[in-house]
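**Student:** Provided herewith is a single structure, encoded as structure tokens, for subsequent inquiry.
No lab work stands behind these numbers, since they all come straight from the coordinates. A quick note: this is a predicted structure, and the numbers were derived from the prediction, not measured. Methodologically, a virtual Cβ is constructed for each residue, glycine included, from the backbone with ideal geometry; neighbour enumeration extends over all protein chains shown.
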Amino acid sequence: MLVNAKEMLVKAKAGKYAVGQFNINNLEWTKAVLETAEELKSPVILGVSAGAGKYMCGFKTVAAMVDAMVESMGITVPVALHLDHGTYEDCYKCIDAGFSSIMFDGSHYAIEENVAKTKELIAVCEEKGLSIEAEVGSIGGEEDGVVGMGECADPDECKLIADLGVSMLAAGIGNIHGKYPENWAGLSFETLDAIQQKTGDMPLVLHGGTGIPADMIKKAISLGVAKINVNTECQIAFSAAVREYIEAGKDLQGKGFDPRKLLAPGSAAIKATVKEMMELFGSVGKA
Ligand code: 13P
């Protein structure tokens, strides 16, 4: 059974570790992430972007697949199914589809409208038992056509949104989606520190988990980050492993063209990446 992300993140914040949100793209992806979480006894959040939802034939298909997989794979660790960077409309679609958690990305609205829509969605989520993430200060880079400039969040605005009653808060602190450029200035720990001081126990979310050096991840966790989103890292590992298989001509040997064989190295690479991240985030054994 799916659970919302509230309890796992409250525990993570108190225990000074972070739960990984790993974005999924298909059945193999989901299976690899769930298997790793179960093997490592780690709680996990499966992230679904609008683009990935569309690719997988809609949020209903995703929710039905994940729900059935959790049951048929005998998964015992807490699993949350979370809409990543949801529009107002997609939030409602995911609530209806059976997701256990949503992110309302109202960062592009004026603050008044962001507040009004966030409040409304919080009330719906509370009634239906979902967790809800909000974002303050846009996260840079490009993800599924959503382009952010990457400005740092205003700690007072963070407090304002946190006080509305969201379950977790994403704040821009110089992080971006996708690969970091050579001249990236790094995370702004002063901003993070100011946000955590204003928001207290609120679990903070770090987007753009791909390519952030391990010491910065650890420092971010020590300053209140309890959820870290990872997407690109698994994609890079998956494609490199499948390319290696094909370049070695293995798809031409025997039944190497069988998709279950062809995609197996990709799945193994996702598992290795997720394991590495869960170890770094400190969530191993916390289920
Ligand atoms: P990356 O693709 O940079 O890992 O970011 C993932 C993310 O933040 C999803 O919301």
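**Student:** In which sequence would Ile132, Ile95, Ile45 go, from the one with the fewest C-beta neighbours within 10 Å to the one with the most?
**Tutor:** Working: Ile132 28, Ile95 21, Ile45 31.
Result, fewest neighbours first: Ile95, Ile132, Ile45.
**Student:** While we're here: With every atom except the alpha carbons ignored, what do you get for Rg and Dmax of segment 231-283, in angstroms?
**Tutor:** 12.8, 42
**Student:** Still on this structure, I have one more. What list of ³J(HN,Hα) values in whole Hz, one per residue of segment 254-261 in order, does the Karplus curve 6.51 cos²θ - 1.76 cosθ + 1.60 (θ = phi - 60°) give from phi, with Gly and Pro shown as x?
**Tutor:** In residue order, the calculated couplings are x, 9, x, 7, 4, x, 5, 8 Hz.
**Student:** I want to check the label-to-label distance for Lys179 and Lys219. Put each point 7 Å from Cα in the C-beta direction and report it in nm to one decimal.
**Tutor:** Roughly 2.4 nm, to one decimal.
**Student:** So what's the gap between the Cα centers of segment 230-271 and segment 53-113, to the nearest angstrom?
**Tutor:** 27
**Student:** Picking from Cys57, Cys91, Cys234, which is most flexible by a Gaussian network model of the chain using Cα springs under 10 Å?
**Tutor:** Cys57
**Student:** Still on this model: Measure nothing but the geometry: give the 0 to 90° angle between the long axis through the Cα atoms of 111-128 and the longest principal axis through the Cα atoms of the chain, rounded to 10°.
**Tutor:** Tilt of helix 111-128: around 60 degrees.
**Student:** Report the FRET efficiency, 1/(1 + (r/R0)^6), for Ile236 and Tyr55, where r is their Cβ-Cβ distance and R0 is 25 Å, rounded to 0.05.
**Tutor:** Numbers: r = 18 Å, r/R0 = 0.72.
It comes to 0.90.
**Student:** Could I ask something else about it? Would you mind computing, in nm to one decimal, how far apart the modelled labels at Lys250 and Tyr88 are, each placed 7 Å from Cα along Cα→Cβ?
**Tutor:** With each label point 7 Å from Cα toward Cβ, the separation is 4.9 nm.
**Student:** Same structure, new question: Neighbour counts of other C-beta atoms within 10 Å: give me Ser42, Ser222 arranged from fewest to most. Could the numbers behind the result be given before it?
**Tutor:** Working: Ser42 26, Ser222 13.
Fewest to most other Cβ atoms nearby, the residues stand as Ser222, Ser42.
**Student:** Return His177, His207, His108 ranked ascending by Cβ neighbour count within 10 Å, so the fewest neighbours appear first.
**Tutor:** His108, His177, His207
**Student:** For a quick check, take a GNM of the chain with Cα springs below 10 Å and name the residue from Asn23, Asn175, Asn114 with the largest mean-square fluctuation.
**Tutor:** Asn114
**Student:** What fraction of the DSSP beta bridges in the chain is antiparallel, stated in percent and rounded to the nearest 5? Please list the in-between numbers first.
**Tutor:** Numbers: 3 of 32 bridges.
Given both bridge residues lie in the chain, the antiparallel proportion sits at roughly 10 percent.
**Student:** Moving to a separate point now. How large is ³J(HN,Hα), in whole Hz, for each residue of segment 197-213 in order, when computed from phi with the Karplus curve 6.51 cos²θ - 1.76 cosθ + 1.60 and θ = phi - 60°, using x for Gly and Pro?
**Tutor:** Ordered by residue, 3J(HN,Hα) equals 5, 7, 9, x, 7, 4, x, 9, 10, 10, 7, x, x, 6, x, 7, x Hz.
**Student:** Using a/c under 1.5 as the rounded threshold, could you call segment 48-179 rounded, prolate or oblate? The axes a ≥ b ≥ c are square roots of the C-alpha gyration tensor eigenvalues, and prolate needs a/b larger than b/c, oblate otherwise.
**Tutor:** Working: a/c = 1.92, a/b = 1.46, b/c = 1.31.
Prolate shape, in that a/c is at least 1.5 and a/b is the bigger ratio.
**Student:** Compute the FRET efficiency between Met1 and His108 as 1/(1 + (r/R0)^6), taking r as their Cβ-Cβ distance and R0 = 41 Å, and round to the nearest 0.05. Don't skip to the end; give the middle numbers.
**Tutor:** On the way: r = 34 Å, r/R0 = 0.83.
In this case the efficiency is close to 0.75.
**Student:** Label points 7 Å out from Cα along the Cβ direction at Val10 and Asp193: separation in nm?
**Tutor:** Result: 2.9 nm between the two label points.
**Student:** Another question, then. Of the residues Gly86, Gly74, Gly137, which exhibits the maximal mean-square fluctuation in a Gaussian network model of the chain defined by a 10 Å Cα contact cut-off?
**Tutor:** Highest fluctuation among the options: Gly74.
**Student:** Per DSSP H run of n ≥ 4, the term is -39500 (n - 2.57); total these for the chain, divide by its residue number, and report the mean residue ellipticity at 222 nm rounded to 500 deg cm²/dmol.
**Tutor:** After summing the helix terms and dividing by residue count, I get -14500 deg cm²/dmol.
**Student:** If you don't mind, another one. Pairwise over distinct Cα atoms, reciprocal of the mean inverse distance: report the Kirkwood radius of segment 143-287 in Å, one decimal place.
**Tutor:** By the Kirkwood definition, the hydrodynamic radius is 17.2 Å.
**Student:** Shifting gears a bit: Taking amide H atoms as placed 1.01 Å from N in the peptide plane, list the residues 5 or more away in sequence, or in a different chain, whose amide H sits under 5 Å from that of Ile102.
**Tutor:** The answer is Leu83, Ser131, Ile132, Glu133.
**Student:** Binning every alpha carbon pair distance of the chain at 5 Å from zero, what are the percents per bin?
**Tutor:** Histogram of Cα-Cα distances, whole percents per bin: 1, 6, 13, 17, 20, 18, 12, 7, 3, 2, 1, 0, 0.
**Student:** Given a Förster radius of 35 Å and the C-beta distance between Leu262 and Val124 as r, what FRET efficiency does 1/(1 + (r/R0)^6) yield to the nearest 0.05?
**Tutor:** Values: r = 42 Å, r/R0 = 1.21.
The formula returns an efficiency of 0.25 here.
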